[in-house]
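Data block below; observations after.
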Amino acid sequence: MKARNLKRLLGGLAAAATLLAFSPVGAANAAETPITIDPMDPASRVATLTIEGKGSAIKGHSFTALRLGVYMSASKNGDNELTSVSTSSKNADSTGPADEHILPAMKDAYLAASGASSLPAGYEDNVIGAVSKNWLGYASTINTSNEDTTSNSRAKAYDGKLRQFVTNLSGNANVKRRMADTTRDDVATVAGPTSGADTDDMTAQFTGLKGGIYLVVDTTAALSGSSPASIPMLVGTQVTSKDGQSVYDTFADDAANKLGVIKMKSATPTVEKRLIKPSNGAAGIGDELTYQIIASIPLTTGFSHYKYVLTDQPSAGLTYEPDETTVEISNSEIFDTAGSQAVDVPAPTGYEVTPAVGSTPTSGQAITFNLSKVIRLISQGDGTSAHPQYFGSHFIKITYKMRVDDQAVAGNVHNGVKLAYSNDTQKQPDNDNGDDNTAPNQPASEGVIDHTNDPNDPNQPKVYFYNFGIVDQARNNHSTKLDDATFQIKDSDGHVIRFYPVKDANGKVIKGSYKKAADQRDSNTAATTALRRASAPNDAVDGTLTAGQLRFDGLAAGVYTVEETDPPTGYSEISKSTFTVTIDTDAPYSAAAPHYKNGGDVFDLVEANETGWTHAQNPTHFIEVNEVNSISQLPMTGGAGVILVALVVMVLLAGAGGIYVYTRRSEKALGNEG
């Protein structure tokens, strides 16, 4: 039996491949002319199947085509456009070893997809005829049931009975063995280009085929980090006349879609990592950071289980905050308010995040977002408004927070993202969590997109924090460096900042080296606000700080006030310094290249200065603080000179007042005696 009045439409060109599909066509008209076809004539074996797409979908890929049926007859109109084609499974015979029979496999796949107990009457040995009759989306007097007339729609190219038939058939062991025998007449192979850019237009073409319908399977062996093996495809070649001189590839009223052409689009998921707050990466120890992962929703057709696991691997110095993670989907990478919506997480558990809510993560601990359960349901949907189908142009957005912790090292705070995803329907995960297959099943196949190895990858946002230092010295002899002075630092809100003394590898405190504590609460008694370089020799020296030097690390951009609370032994209490330090990362500066400026103190013992500064490992901007051990060493000009004069005048006035009082009292005493 033959299925007649078929019209091909390449549908569903949005993700990995397209199914052969047919759209309605009317009854034959008087202008139709039969095309003489002999599928067994070697002269007619000039049909082709051409796979077209970007390099990311074709480069390095291998494809195998298995003929399922041939064209038996066709007709055309006066414009040499096809008006009808009939198909038969005649050449899908059962000759040869039993384990290579594919007609039984085709029947099994049809019954599994249809749910019927037998093929339609008259089609027992013509499965392709039954597929064409019922599922290729055409309407005629033969197709009275119209079981799947929407198979040429975008959604049905990835679901429905036709898709189920192709998926079931490609997974059959006998079909796999038949396709592995490339010496057979009904099997052909082709490889895509091995070089070129992922954005280049590329093709892979089967040539010398008998005209008919073919199962095309992406048989690429290894695809880690590249486009996954495309979903199995059911496609038709051009129609070739018996003599091989005439080739027809266009249906009437459907010139846009050509027989023999498979249009591929890359199905490689995409993943991007963003630092949202602070957007420029300028932060301090203890600050909270907001990150986003933007990942495309893949096509999961053909998968009963699908792995989709995102991993954030932070450097030491970042700790995940598990209580503030959200997951959304959107039809836009921008995720504006109007375009985004919360994921409808399916019961019972949806996606899983590790470390879980309520746990206590450690510094540098990896975070995994396992969306294996939810991603397949999102991609495939269930046809309801509550669970629509999202894939291709839709994206997952994960928003989460981390905190810069006490293990952070300047210039080395960063984190990237890795995506592991299923890439072969024939090597699927074992369960809904995306776990690998267990024996005796073959190992699951997966692709990996890894943005965790290269610190210069833009998908590894860097976080910068800053430090500055002071050099405490005698004003009258700058070569005399002073220890034992005590300082404190206040933030722009006037809060005194708590620091930890920095220790060497042996746990010994390094003279004068401090790093801001992530925990700024008063209850954190292990941190101190009294910053001092001890003169005692029992502290370690790390080679970067010398006598009189102190360094304060772990600071964010902003304005800080440094106050001297105790001078070195033997130096004046009156002239303790107070000055400001400004770290600016706003344009024209940046987080990687900030600008430093410090204001002078009232005694002019700290000189106002500003300088540009290029980020490097453990950089230090030092500010000179001068100490005096005699009031005469204070400057006599400028602001301090005015204050000094005022102090002298106050002293003199106080002395005069004392003389006056004494005199009056003496006079009074004399008067009392007279």
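The values are calculated or read from the model by the stated rules, or taken from the named source; none is laboratory data. A quick note: this is a predicted structure, and the numbers were derived from the prediction, not measured. In this analysis, Cβ positions are derived from the backbone assuming ideal geometry, glycine residues included, and neighbour counts consider all displayed protein chains.
Just to verify a result, which residue in segment 481-520, among those that are charged (D, E, K, R) and assigned to a strand (DSSP E or B), is surrounded by the most Cβ atoms within 10 Å (Cβ to Cβ)?
516
For segment 542-560, how many residues meet the condition of being over 40 Å from the mean Cα position of the chain (by Cα) and either surrounded by 18 or more Cβ atoms within 10 Å (Cβ to Cβ) or within 18 Å of residue 499 (Cα to Cα) (or both)?
Qualifying residue count for the region: 4.
Kindly indicate which of 345, 357 is at pLDDT below 90, part of a loop (DSSP other than H, G, I, E, B), touching a Pro at 6+ places or on another chain (Cβ under 6 Å) and of a type outside the set (Asp, Glu).
From the options 345, 357, the qualifying one is 357.
Being of a type in the set (Gly, Ala, Ser), under 21 Å from the mean Cα position of the chain (by Cα) and either at pLDDT 80 or above or outside the structural domain of residue 502 (by TED's automatic domain parsing) (or both): is that true of residue 316 here?
For residue 316, the condition - of a type in the set (Gly, Ala, Ser), under 21 Å from the mean Cα position of the chain (by Cα) and either at pLDDT 80 or above or outside the structural domain of residue 502 (by TED's automatic domain parsing) (or both) - is met.
Hey, could you check segment 176-208 for residues that are of a type in the set (Ser, Thr, Tyr) and loosely packed, with under 15 Cβ neighbours inside 10 Å and say which is nearest to residue 166 (Cα to Cα)?
Top of the filtered list is 189.
Of all the residues that make up segment 275-317, how many are assigned to a strand (DSSP E or B) and over 28 Å from residue 560 (Cα atoms)?
Total meeting the criteria: 12.
Would you be able to tell me the number of residues in segment 185-204 that are within 18 Å of residue 47 (Cα to Cα) and of a type in the set (Gly, Ala, Ser)?
Total meeting the criteria: 3.
What do you reckon, is residue 542 charged (D, E, K, R) and part of a loop (DSSP other than H, G, I, E, B)?
Considered against the rule, which asks whether it is charged (D, E, K, R) and part of a loop (DSSP other than H, G, I, E, B), residue 542 comes out as yes.
Conditions (1) more than 30 Å from residue 561 (Cβ to Cβ); (2) among the polar types (S, T, N, Q); (3) touching a strand residue (DSSP E or B) at 6+ places or on another chain (Cβ under 8 Å), marked per residue:
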{"residue": "444", "(1), (2), (3)": "yes, no, yes"}
{"residue": "472", "(1), (2), (3)": "no, no, yes"}
{"residue": "503", "(1), (2), (3)": "no, no, yes"}
{"residue": "512", "(1), (2), (3)": "no, no, yes"}
{"residue": "528", "(1), (2), (3)": "no, yes, yes"}
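What are the residue pairs meeting all of these: first residue in segment 231-247, first residue within 30 Å of residue 167 (Cβ to Cβ), second residue among the acidic types (Asp, Glu) and part of a loop (DSSP other than H, G, I, E, B), Cβ atoms under 6 Å, and 6 or more apart or on different chains?
238/249
With within 25 Å of residue 106 (Cβ to Cβ), in contact with a Lys or Arg (Cβ under 7 Å, 6 or more places away or on another chain) and at pLDDT 80 or above as the only criterion, which of 259, 234 stands out?
Residue meeting the stated conditions: 259.
Taking the condition modelled with pLDDT of 75 or more and charged (D, E, K, R), does residue 323 pass?
yes
When you check residue 525 against the structure, is it within 39 Å of the chain's Cα centre (by Cα), within 25 Å of residue 321 (Cβ to Cβ) and in the same structural domain as residue 625 (by TED's automatic domain parsing), yes or no?
no
Listed here are the residues, each with its yes/no results for (1) of a type in the set (Val, Ile, Thr); (2) at pLDDT below 85; (3) farther than 29 Å from residue 606 by Cα.
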{"residue": "463", "(1), (2), (3)": "yes, no, yes"}
{"residue": "499", "(1), (2), (3)": "no, no, no"}
{"residue": "508", "(1), (2), (3)": "no, no, yes"}
{"residue": "511", "(1), (2), (3)": "no, no, no"}
{"residue": "534", "(1), (2), (3)": "no, yes, no"}
{"residue": "540", "(1), (2), (3)": "no, yes, no"}
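Yes/no per residue for (1) modelled with pLDDT of 80 or more; (2) surrounded by fewer than 21 Cβ atoms within 10 Å (Cβ to Cβ); (3) among the small types (Gly, Ala, Ser):
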residue	(1), (2), (3)
1	no, yes, no
6	no, no, no
16	no, no, yes
21	no, no, yes
34	yes, yes, no
48	yes, yes, no
60	yes, yes, yes
68	yes, no, no
71	yes, no, no
